[in-house]
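Engineer: Sharing a structure with you now.
The values are calculated or read from the model by the stated rules, or taken from the named source; none is laboratory data. The structure presented is a predicted model; accordingly, all values stated were derived computationally and were not measured. So basically every Cβ, Gly included, is an ideal-geometry build from the backbone, and we count neighbours across all protein chains shown.
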Amino acid sequence: MAKFSPLHDRILVKRVEEASTTRGGIIIPDSAKDKPQEGIVVSTGKGRTNDEGKTFPLAVHEDDRILFGKYSGTEIKIDGEDFIIMKEDEVLGVLTGAATPSKKELAGSKR
């Protein structure tokens, strides 16, 4: 995989795919699903820099599970995989205690 390093206060996010069936066993077709608003931070920039040149580190870190807005960020492809690059300001919050998918599961979740 190519190495990608976001600049400044931007982060690279891999979407976490939602289950394709409901608790009752009903299968949801891809056309009826909304894009997930949850993801794993893959890589982060160095932080925000003020007018005086001082850099402030980001509040999110690699491997954090985050929630973001429906239309946040810009979708990009790196080595055939879909990612989102967004500013830290677009992150709504960090999920703690949620089951985090393994890197193998993330790699296999291509659309």
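Engineer: Of all residues in region 69-82, which are in contact with a strand residue (DSSP E or B) (Cβ under 9 Å, 6 or more places away or on another chain), without any contact (Cβ under 8 Å) to a residue 60 or more places away in the chain and small (Gly, Ala, Ser)?
Structural biologist: Correct list: GLY69, SER72.
Engineer: Are any of the residues in region 35-44 at pLDDT below 85, surrounded by fewer than 18 Cβ atoms within 10 Å (Cβ to Cβ) and of a type in the set (S, T, N, Q)?
Structural biologist: Within region 35-44, one or more residues are at pLDDT below 85, surrounded by fewer than 18 Cβ atoms within 10 Å (Cβ to Cβ) and of a type in the set (S, T, N, Q).
Engineer: Follow-up question, since we're still on this one. State whether one or more residues within region 45-64 are surrounded by 18 or more Cβ atoms within 10 Å (Cβ to Cβ), outside any loop (DSSP other than H, G, I, E, B) and modelled with pLDDT of 85 or more.
Structural biologist: no
Engineer: Which pairs turn up if I take residues in region 83-103 that are under 17 Å from LEU12 (Cβ atoms) and at pLDDT 90 or above and look for partners that are among the polar types (S, T, N, Q) and in a strand (DSSP E or B) with beta carbon separation below 7 Å, at least 6 apart in sequence or on another chain?
Structural biologist: Correct list of pairs: ILE84/THR74; ILE85/THR74.
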